[in-house]
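Read the structure below first, then the notes.
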Amino acid sequence: PARVVERIVETPRTATLVLDASLDCAPGQFAMLWLPGLDEKPFSISADDPLAFTVCRVGPFSEALHAIAPGGTIWFRGPFGRGFGLATGCRAPLLVGGGYGAAPLAFLARRLFALPTHCRPIRIRAAIGARSAEDLLFERRLAELGCEVRVATEDGSRGRRGLATDEARALLEPDRVGSEARPDRLFACGPGGMLDALAGMARAARIPAELSREAYLRCGVGVCGSCAHGDRLVCLDGPVFEIAP
């Protein structure tokens with residue numbers, strides 16, 4: 001059990017719950033949150049110390065989490081799964097987040113900037129997308145960390161009219177950006193269609209990619225098989241999968 005010490009409203013549908021706990025974990029890993037008598041669901045970890053989860057209100061369980069005021073209690077177990085790797089030699093990573101997929105990427109950016117100087121990236125870019133300006137998540141947080149942030153909204157209310165993949169393509173296509181300015185590794189979290197498109201871009205650009213996939217997770221420990229993705233399990237082999245160049 002952990003007590004909620006702060007509830008930060010991020011967007012009209014999204015809030016971050018900060019707990020009086022810490023967790024030894026990697027960006028991209030997840031934990032199972034439990035409310036007795038209601039349900040248990042998986043959520044990406046958006047900070048490790050203090051432990052925090054960024055929750056989008058999409059159903060009864062997330063509605064119940066949003067209703068917990070500071071002082072309330074949440075039960076958690078984890079961390080589970082494979083997170084993002086902090087690859088040495090990565091000098092210009094590109095982070096791409098769609099919707100609330102930006103949450104674990106902010107955690108990743110903080111870890112990348114905290115690396116020792118000799119192996120820290122010299123340039124970190126982030127492309128985030130959402131339906132509208134009010135749905136954008138962590139734009140300011142990523143910028144404050146030091147990322148060069150590009151924004152896309154489907155309705156054009158902020159940044160480019162389009163998708164986060166449009167911003168990623170502009171940075172990865174060799175005929176648009178000089179080779180010295182192109183990203184050398186791709187990290188992403190978001191809807192499956194977005195990740196499939198990014199996997200193709202990474203292969204075309206011949207750079208490695210780490211993609212965090214969503215799935216229906218029930219147990220989190222590889223027993224139930226509900227999160228099968230091909231011949232792999234998202235809860236054990238993912239949720240972050242590496243794509244070789």
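Read the figures in this text as sums done on the coordinates, not as results from a lab. Predicted model only: the values in this text are computed from it and were never measured. Counting neighbours? That spans all protein chains shown, and the Cβs are built from the backbone with ideal geometry, glycine included.
Indicate, rounded to the nearest 5 percent, the antiparallel portion of the DSSP beta bridges found entirely in the range 26-185.
On the way: 13 of 27 bridges.
If I count the DSSP bridges inside the range 26-185, around 50 percent turn out antiparallel.
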With +1 on the Cβ of every Lys and Arg and -1 on the Cβ of every Asp and Glu, and nothing else charged, how large is the dipole of the range 85-142 about its Cα centre, in debye rounded to the nearest 20?
280
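So, counting K/R as plus one and D/E as minus one, what does the shell of residues with Cβ under 13 Å around Gly129 add up to? Numbers along the way, then the final one.
Numbers: positive: Arg131, Arg150, Arg158, Arg160, Arg161, Arg169; negative: Asp135, Glu139, Glu154, Asp155, Asp166, Glu167.
Every neighbour counted, the sum reads 0.
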Taking the inverse of the average 1/r across all pairs of different Cα atoms in the chain, what Kirkwood radius in Å do you get?
18.2
What spacing in nm lies between the two simple spin-label points modelled at Arg140 and Thr117, each 7 Å away from Cα in the Cβ direction?
3.1
So for each of 117-130, 191-204 I average, over its residues, the number of other beta carbons within 10 Å; can you give me the resulting order with the highest mean first?
117-130, 191-204
Relative to the chain, whose Cα atoms define the longest principal axis, helix 102-113 and its Cα axis are tilted in degrees, nearest 10, by 70
For the range 104-245, which semi-axes, largest first and in whole Å, follow from the square roots of 5 times the eigenvalues of its Cα gyration tensor?
25, 19, 17
Normalised alpha carbon radius of gyration of the range 164-245 [divisor 2.2 N^0.38 Å]:
1.24
Once you place label points 7 Å from the Cα toward the Cβ at Ala64 and Ala215, how far apart are they in nm?
2.5
About the Cα centre, charge dipole magnitude for the chain (Lys/Arg +1, Asp/Glu -1 at Cβ), debye:
360
Relative contact order (%) - the chain, alpha-carbon pairs under 8 angstrom, separation at least six:
18
